[in-house]
Amino acid sequence: MNDTIVAIATPYGYSAISVIRVSGDSALPIARKIFSIEELEPRKAHYLLLRDPQSGKVLDDVIAIYYKAPRSYTGEDMLEIFAHGNPLIAQKIVDIIISLGARQAERGEFTKRAFLHGKMDLIQAATINNIINARSEQAIYALRSRVEGQLSQKLVRLREQLLDLLKEIEARIDFEDDVPDIPREEINRRLDETISLIEEMIKSARPMEKVVEGISIVILGKVNVGKSSVFNRLLGFDRAIVSHVEGTTRDYISENLHMGGFMFRVIDTAGIRETEDYIEKMGIERSLELKESSDIILFVVSAEGMDEKESQLISKLPPSRTIVVINKSDVQEADFTIEGFRVIKVSAKTGEGFDELKEEILRIAREMFAGDFYFSTGELNLLREALQQLKTARQMEEYPIDMVTYHIRAAALSIANMLGIEDLPEEVLDRVFRDFCIGK
């Protein structure tokens, strides 16, 4: 990892500034050549002329900052060049730096080097990319605790508790004549304490993928109850075709909605009814499938009342994430309620009730984000594996103590793998960083 890498860190295109990053042992020697100077004072902005060493021509006047290892993002010598935002200039600077011995950086390689040099753990490194790709204000705030290390610190303490217990047990195994025996009750108490802490973490965990990608809202209902009209009114513009003709929406359509700092993916689905039309039937099947994977369900019914099929369908919906939307309240007063469900009366035509509907959607969204910790699916699986290993250890009171230590060590290893403390195979690291942008 002594080679030097270079990449454009800003998006391609014309802008005020382009940023070029260089990291590695040759960062300072390269700077000397392109700026025709001997030294750059670390962590200080320098206004310099950047020359092509081969032709001697000035390519651009830039701001350059040199970071001396280990006080840099990657932990290596680093150079950041702020050039004028013409992509031709930025690419030419990269070409010049490559001609001087650097190579083009791979996706996420700067952050990967930061991880390998101990500037951050694996959880923090993965979160960097999630923050870049976060699609709402709430997601950015939610992810800050991860990148600041609050989750990592909690996991480090859990691992240390397990390693301390292991050390005490193994000392008594290795030096049983010299070290007083540790009571099995004390081992169980400490295992119970750690199990309780992990269970609490899992209970308060929230899926990081959902935080980053946004919250899905699916709109369900039978034909001609005004689903598409509700969809359009929520979005604030006519996205779906609205018609009195039944079966207008044959497949689902979706649109993003930013509201209250959250990003929602709102999905309008095909109206549910008996039909012989093959295409429409497929659309209805997809509608019913979407209700299983969606975060919030808006079940739209008409103020005129519900039929038996609607009653059967609503009985299969989860009340905690379902809002029954009684539409057409401007035409007729709805005189029915649906027990166990939050019911909101609206008029897609006049907009009546939509402020209340939006507030209820935001309430559910806030509950979804109201967790202490955010885990990726892989991280949560590792934490659950650690919990299972400790529960197995706890149930082995009748077994020799050295067999118990096997499961405690396995639990500690699962937590270590979450943090990247143990040596991980290269392919595992590649999976973490392959979705990063180049230059990060």
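Within the stretch 123-133, can one find any residue that is part of a helix (DSSP H, G or I), closer than 19 Å to Val156 by Cα, small (Gly, Ala, Ser) and touching a Phe, Trp or Tyr at 6+ places or on another chain (Cβ under 9 Å)?
Our first condition is that a residue be part of a helix (DSSP H, G or I); within the stretch 123-133, this holds for 123-133.
The next check asks that each one be closer than 19 Å to Val156 by Cα; those that pass are 123-127.
Now restrict to residues that are small (Gly, Ala, Ser): 125-126.
With the extra rule that they be touching a Phe, Trp or Tyr at 6+ places or on another chain (Cβ under 9 Å), the set shrinks to 125-126.
There is at least one residue in the stretch 123-133 that is part of a helix (DSSP H, G or I), closer than 19 Å to Val156 by Cα, small (Gly, Ala, Ser) and touching a Phe, Trp or Tyr at 6+ places or on another chain (Cβ under 9 Å).
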I need the full set of residues from the stretch 346-388 which are farther than 23 Å from Leu257 by Cα and free of Cβ contacts under 8 Å to residues at least 40 places away in the same chain, in order please. Gly378, Asn381, Leu382, Glu385, Gln388
Before we move on, is Ala171 modelled with pLDDT under 90 and not assigned by TED's automatic domain parsing to the domain that holds Ala386? no
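What's the total number of residues in the stretch 181-216 that are in contact (Cβ under 8 Å) with a residue 60 or more places away in the chain and closer than 30 Å to Tyr399 by Cβ?
Narrowing the stretch 181-216 to residues in contact (Cβ under 8 Å) with a residue 60 or more places away in the chain: 184, 187-188, 191-192, 194-195, 198-199, 201-202, 204-216.
Okay, now just the ones that are also closer than 30 Å to Tyr399 by Cβ, so 184, 187-188, 191-192, 194-195, 198-199, 201-202.
The qualifying residues number 11.
Run down Tyr66, Tyr47 and say which single residue is buried (at least 16 other Cβ atoms within 10 Å of the Cβ), assigned by TED's automatic domain parsing to the domain that holds Glu109 and in a strand (DSSP E or B). Quick ask: steps written out before the conclusion?
Numbers: Tyr47 fails: buried (at least 16 other Cβ atoms within 10 Å of the Cβ).
Among Tyr66, Tyr47, only Tyr66 is buried (at least 16 other Cβ atoms within 10 Å of the Cβ), assigned by TED's automatic domain parsing to the domain that holds Glu109 and in a strand (DSSP E or B).
Residues being within 34 Å of the chain's Cα centre (by Cα) and either outside any strand (DSSP E or B) or surrounded by fewer than 17 Cβ atoms within 10 Å (Cβ to Cβ) (or both): count how many of those fall in the stretch 20-41. Even if it seems obvious, please write down each step before you answer.
Restricting attention to the stretch 20-41, the residues satisfying the condition of being within 34 Å of the chain's Cα centre (by Cα) are 20-25, 27.
So of that shortlist, the ones also either outside any strand (DSSP E or B) or surrounded by fewer than 17 Cβ atoms within 10 Å (Cβ to Cβ) (or both) come out as 24-25, 27.
Count: 3.
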Among the numbered criteria (1) without any contact (Cβ under 8 Å) to a residue 12 or more places away in the chain; (2) surrounded by 21 or more Cβ atoms within 10 Å (Cβ to Cβ), which single criterion is violated by Asp95? (2)
Which condition breaks for Gly420 when tested against (1) touching a residue at least 60 places away in the same chain (Cβ under 8 Å); (2) exposed (fewer than 13 other Cβ atoms within 10 Å of the Cβ)? (2)
Exactly one condition in (1) β-branched (Val, Ile, Thr); (2) crowded, with 20+ Cβ neighbours inside 10 Å; (3) outside the structural domain of Leu50 (by TED's automatic domain parsing) is false for Ile140; which is it? (2)
Count, please, the residues in the stretch 351-379 that happen to be modelled with pLDDT of 90 or more and of a type in the set (Val, Ile, Thr). 2
Those residues of the stretch 69-92 which are farther than 16 Å from Leu48 by Cα and surrounded by 22 or more Cβ atoms within 10 Å (Cβ to Cβ), in sequence order: Ser72, Thr74, Glu76, Asp77, Met78
Can you name every residue in the stretch 313-332 that is at negative phi and charged (D, E, K, R)? Lys316, Arg321, Asp330
Within the stretch 322-348, of all residues that are outside any loop (DSSP other than H, G, I, E, B) and not β-branched (Val, Ile, Thr), the one nearest to Ile296 (Cα to Cα) is Arg342
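The values are calculated or read from the model by the stated rules, or taken from the named source; none is laboratory data. Note that this is a predicted model, so its numbers are computed, not measured. All Cβ positions, glycine included, derive from the backbone under ideal geometry; neighbour counts span all protein chains shown.
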